[in-house]
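The next block holds one structure in the form of structure tokens; read it before the comments.
Where a number appears in this text, it was derived from the coordinates with a stated rule and is not lab data. What you are looking at is a predicted structure, and each value in this text was computed from that prediction instead of being measured. All Cβ positions, glycine included, derive from the backbone under ideal geometry; neighbour counts span all protein chains shown.
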Amino acid sequence: MKIIDTKLKGCLILEPRTFQDLRGMFFEVFRKVDLENHLGYKIDFVQENKSISKKGVLRGLHFQTGQAAQAKLVTVQKGEVTDVIVDIRPNSDTFGQHIKVNLSAKTHKSIFIPKGMAHGFLALSEEVVFSYLCDNYYEPKMESGILYNDTDLAIEWDYPIADFIVSEKDMLLPSFKALTT
């Protein structure tokens, strides 16, 4: 597995080595020891979530606060997405910056998202099956987020906004400034 650093410290792209033959394909999504060695700290995933979305669904930008903060390993098992991660760690050199990564079942890439990041994705294919491994349990009272079209973040989703399918809950998320001032 190849581990690639991004401009957001601790946010990593994992590219597996794939092995194909007439039976099909095999690859490791991640190796705990390799991930921990690269990060320099232990990671223990305790919960796995899956979402199924149709084309145009935008989920996010979500995060858990306080003691419920979560590191995640996200993977697309079917389809393709534009995945966005925003650094919301106040003392980070990249505070308020984001990265955008294309994830698909064809490339088998995953992203490790450390605590202190907001995360969201836009489904680009007719159906997306998205998997999240989390190192902390979901706590509804500690749930938060940032509006996906926040003008200060200026995320280019590269998709017609009129075709987005966004939950009412996500439409009501606060701006980045409202959360950080």
FRET efficiency, Ser144 to Met1 (Cβ-Cβ, R0 25 Å, nearest 0.05): 0.20
Structure-based [θ]222 nm, the chain - -39500 (n - 2.57) summed over DSSP H runs of at least 4, per residue, nearest 500: -2000 deg cm²/dmol
Straight-distance crosslink candidates among aspartates and glutamates, where the alpha carbon sits under 13 Å from Lys106 and sequence neighbours closer than 8 are dropped: Glu15, Glu80
Estimated FRET transfer efficiency when R0 is 35 angstrom, pair Gln67-His38 (beta carbons, to 0.05): 0.90
Projected label distance in nm at Thr94 and Phe45, using a 7 Å step from Cα toward the beta-carbon: 2.1
